[in-house]
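This report refers to the structure that appears directly beneath it.
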Amino acid sequence: MNNLLNDHSEVVSFEKDMEKISPFELKDRLIQLADESIRKMTRTMLNAGRGNPNWVATVPREAFFALGRFALDECRLDWESSEGLAGIPHKEGIAARLESYMNAHRKEPGVEFIGKCYSYMQKEHKCNADELVHEWAEAVIGNQYPVPDRVLQYTETTMRDYIAQELCNGRPPQGEIDIFATEGGTAAMCYIFDSLQQNRLLERGDRIALMTPVFTPYIEIPKLYRYNYKVTEIPANKMSSDGLHLWQYDEKDLNKLRNPEYKALFIVNPSNPPSYMMAAETVDMIVEIVEKWNPGLMIVTDDVYATYVPGFQSLMARLPHNTICVYSFSKYFGATGWRAAFIALHRDNIFDELLTRLPRKRKGELQQRYGSLRSDVENMRFIDRMVADSRQVALNHTAGLSLPQQMQMTLFALYSIIDKREGDMFRQKMHDIIQERLNALWTSMGFTLHPDPLRAGYYSEIDMLVWANKFYGKDFCEWLKLNYSPLDIVFRLATETSLVVLNGGGFDGPEWSIRVSLANLKTKDYNIIGRSVRKILDSYADRWKNSLPMVE
């Protein structure tokens, strides 16, 4: 790794070793190679391997800091010392004081939006004004433990409104949806897997299904010794009549879920890395399978990219009884560092129902596990068990997402909900940025990208064999597979051009595909990536042509 790999046999051996590791671990190796390439030549590394966006939503952040200034004034109102200490916010009369503060500071950034949030909560939910503002003031200051530990009262109210609008396309299911605020979507995944196992809803060796290509932890976690699930993949392998990927699922593969041996189904929708929403006919099929053949199927849908497809509707809206929904604010609002996400579960759900069906022995074990929290463990809901499990039960009294994180995610959600004109402008600008970068990438490669209303476009997965076949034919594809590792292109991009992309095979996608994030570079950079990808493909073709026997 100290020198660029130049010897072909050394390259092949190294690439074979790298095929065995996670694409995100591979990313670090590629960055090292790209760094060394930079030192040897004057250029800048372009890292399109990770989905950290290069934008931030400013309005809800301005509101957060403005609310923080008000909350600090409230602390000083209690008491203050010259040593830099103050008291804590008090509830009585705090709403009136906020109104006075907003009048006095109405021209300052964020204050107008706080007023909109305050008015919305009053009008739509008839909130007790002092309770609402006191929750906000304590949240932004962070001077208390999270109470309730699962989620703050008005944060949950806001999240339900956000789910209805952004994840259910304005058609949420009937009944209440409960929220567990978590430290990002990855924490949500860990909590779900952990609690399913702790509560024996999934046992070691149980059969689950995974819709692929998919974010790698969903591939890797079930393989851990603790879980050791039997995983069946449902691949998005549908192709168009002209041989291009549609990134949708075949009926014959979906029909495997009719077998009740499948206990759980894990989905990322829109997908990562193809970045396509499930087609309506796929959703209809899953609904039919659950309703007719496998009513006990537990579904986990990770909908983090929902806001990038107009009219998105989560599977949670169609199958609320069977579905846990994971959502993170990290991508849409440029907030990966905030670690702000939630788990959503309908009050009437299969997870609680399955808990009641556990054998007496299992119920006894769970009584012992959760007995320190309550005497009637049998009535403890699955979502509350997740909260307890997130802190090893014994630390349940300190569970919960930090209050400042909950306050910022509340403001993120309200920005989409109530600031319709500016929010829609924000959404449109976001979509325009992604589309511009996507077009730059594909145009510069010289590959065809047909319009598709199901495409989110946050990532792009490029199957190099598809384009090798289109430009040079099947014989070239066979030669390429025989002579090179599927990872060769990502290593050549890193070492020759200082470009970092990930291998799609690591996401259980097509072996010769590469995954490019459209979120974290400028448009001109995607032109460079596209030209470099095409240059490498053409260089393979030149070597192939030179290897062919001369025709006399």
Q) How about the range 398-432: which of its residues are closer than 30 Å to K524 by Cβ and out of contact with any helix residue (DSSP H, G or I) (no Cβ under 8 Å at 6 or more places or on another chain)? A) D424, M425, Q428, K429, D432
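Please verify whether the range 165-174 includes one or more residues that are closer than 30 Å to M102 by Cα and either of a type in the set (A, V, I, L, M) or without any contact (Cβ under 8 Å) to a residue 40 or more places away in the chain (or both). Steps first, answer last, please.
Step one: list which residues in the range 165-174 are closer than 30 Å to M102 by Cα, which gives 165-166.
Add one more test, that the residue is either of a type in the set (A, V, I, L, M) or without any contact (Cβ under 8 Å) to a residue 40 or more places away in the chain (or both), and what stays is none.
No; the residues of the range 165-174 include none that is closer than 30 Å to M102 by Cα and either of a type in the set (A, V, I, L, M) or without any contact (Cβ under 8 Å) to a residue 40 or more places away in the chain (or both).
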Q.
Any residue at all in the range 415-432 that's closer than 29 Å to D352 by Cβ, at pLDDT 90 or above and in a loop (DSSP other than H, G, I, E, B)?
A. no
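Do the conditions hold for F193, that is, is it in contact (Cβ under 8 Å) with a residue 12 or more places away in the chain, under 30 Å from R455 (Cα atoms), of a type in the set (A, V, I, L, M, F, W, C) and in contact with a strand residue (DSSP E or B) (Cβ under 8 Å, 6 or more places away or on another chain)?
No: the conditions fail for F193.
Pick from the range 258-285 the residues that are aliphatic (A, V, I, L, M) and under 22 Å from T216 (Cβ atoms): which of them is nearest to the chain's Cα centre (by Cα)? If you could, list the steps in order and put the result at the bottom.
First, the residues of the range 258-285 that are aliphatic (A, V, I, L, M): 264-265, 267-268, 277-280, 283, 285.
Add one more test, that the residue is under 22 Å from T216 (Cβ atoms), and what stays is 264-265, 267-268, 277-278.
On the way: A264: 19, L265: 17, I267: 11, V268: 8, M277: 13, M278: 15 Å.
Top of the filtered list is V268.
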Q: Please verify whether the range 40-47 includes one or more residues that are part of a strand (DSSP E or B) and either modelled with pLDDT under 95 or more than 30 Å from V304 (Cβ to Cβ) (or both).
A: yes
Q | Residues (under 15 Å from V516 (Cβ atoms) and of a type in the set (S, T, N, Q)) located in the range 526-542 | A | N527, S532
Q.
Condition check: at pLDDT 95 or above, more than 20 Å from D178 (Cα to Cα) and among the β-branched types (V, I, T). Does I289 satisfy that?
A. yes
Q: Report, ordered by the first and then the second residue, all pairs with beta carbons closer than 9 Å, sequence separation of six or more or different chains, a first member in the range 226-245 that is touching a residue at least 40 places away in the same chain (Cβ under 8 Å) and under 20 Å from G509 (Cα atoms), and a second member that is acidic (D, E) and assigned to a strand (DSSP E or B).
A: L244/D463; H245/E461; H245/D463
(Q) Of everything in the range 100-127, what is loosely packed, with under 14 Cβ neighbours inside 10 Å and without any contact (Cβ under 8 Å) to a residue 24 or more places away in the chain? Give them in sequence order. (A) S100, N103, A104, R106, K107, S119, K123, K126
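With R357, R369 as the choices, which residue is charged (D, E, K, R), exposed (fewer than 15 other Cβ atoms within 10 Å of the Cβ) and within 21 Å of F193 (Cβ to Cβ)? Give the derivation first.
Details: R369 fails: exposed (fewer than 15 other Cβ atoms within 10 Å of the Cβ).
On inspection, the qualifying residue turns out to be R357.
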Q.
Take the conditions more than 19 Å from E233 (Cα to Cα), of a type in the set (G, A, S) and buried (at least 24 other Cβ atoms within 10 Å of the Cβ) and apply them to S328. Does it pass?
A. yes
Q.
Checking D424 against (1) loosely packed, with under 13 Cβ neighbours inside 10 Å; (2) over 30 Å from T58 (Cα atoms): exactly one of these is not met. Which one?
A. (2)
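What about R76, is it at pLDDT 95 or above, in contact with a strand residue (DSSP E or B) (Cβ under 7 Å, 6 or more places away or on another chain) and not in a helix (DSSP H, G or I)? Break it down stepwise before answering.
Details: at pLDDT 95 or above: yes; in contact with a strand residue (DSSP E or B) (Cβ under 7 Å, 6 or more places away or on another chain): yes; not in a helix (DSSP H, G or I): no.
No, not satisfied.
Rundown of residues vs (1) under 27 Å from L414 (Cα atoms); (2) of a type in the set (A, V, I, L, M, F, W, C), yes/no style:
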{"position": "A164", "(1), (2)": "yes, yes"}
{"position": "L167", "(1), (2)": "yes, yes"}
{"position": "Q174", "(1), (2)": "yes, no"}
{"position": "I179", "(1), (2)": "yes, yes"}
{"position": "T186", "(1), (2)": "yes, no"}
{"position": "I192", "(1), (2)": "yes, yes"}
{"position": "Q197", "(1), (2)": "no, no"}
{"position": "P213", "(1), (2)": "no, no"}
Q: Could you list all residues from the range 473-490 that are farther than 17 Å from R534 by Cβ and in a helix (DSSP H, G or I)?
A: K474, D475, E478, W479, K481, L482, N483
Q.
Filter the range 165-217 down to the residues that are of a type in the set (S, T, N, Q), surrounded by fewer than 21 Cβ atoms within 10 Å (Cβ to Cβ) and more than 15 Å from the chain's Cα centre (by Cα) and list them by number.
A. Q165, N169, Q174, Q197, Q198
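When you look at V533, is it surrounded by 21 or more Cβ atoms within 10 Å (Cβ to Cβ), assigned to a helix (DSSP H, G or I), hydrophobic (A, V, I, L, M, F, W, C) and at pLDDT below 90, yes or no? Walk me through it before giving the result.
On the way: surrounded by 21 or more Cβ atoms within 10 Å (Cβ to Cβ): yes; assigned to a helix (DSSP H, G or I): yes; hydrophobic (A, V, I, L, M, F, W, C): yes; at pLDDT below 90: no.
No.
Just checking, which of S375, S444, S460 is outside any helix (DSSP H, G or I) and touching a helix residue (DSSP H, G or I) at 6+ places or on another chain (Cβ under 7 Å)? Before the answer, list the steps.
Working: S375 fails: touching a helix residue (DSSP H, G or I) at 6+ places or on another chain (Cβ under 7 Å); S444 fails: outside any helix (DSSP H, G or I).
Just one listed residue meets the conditions, S460.
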Q: Residue by residue through the range 434-473, note down the ones that are touching a Lys or Arg at 6+ places or on another chain (Cβ under 6 Å) and closer than 11 Å to L244 by Cβ.
A: none
Q: All but one of (1) part of a helix (DSSP H, G or I); (2) of a type outside the set (S, T, N, Q); (3) over 17 Å from L414 (Cα atoms) hold for K107, so report the exception by its number.
A: (1)
(Q) I'd like the full set of residues that are in contact with a helix residue (DSSP H, G or I) (Cβ under 7 Å, 6 or more places away or on another chain) and acidic (D, E), limited to the range 74-106. (A) E74, E92
**Q.** Residues located in the range 381-394, provided they are crowded, with 22+ Cβ neighbours inside 10 Å and assigned to a loop (DSSP other than H, G, I, E, B)
**A.** S390
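The values are calculated or read from the model by the stated rules, or taken from the named source; none is laboratory data. Given the structure is predicted, the values throughout are model-derived calculations rather than measurements. Don't worry about glycine lacking a Cβ; one is built from the backbone with ideal geometry, like all the others, and counts go over all protein chains shown.
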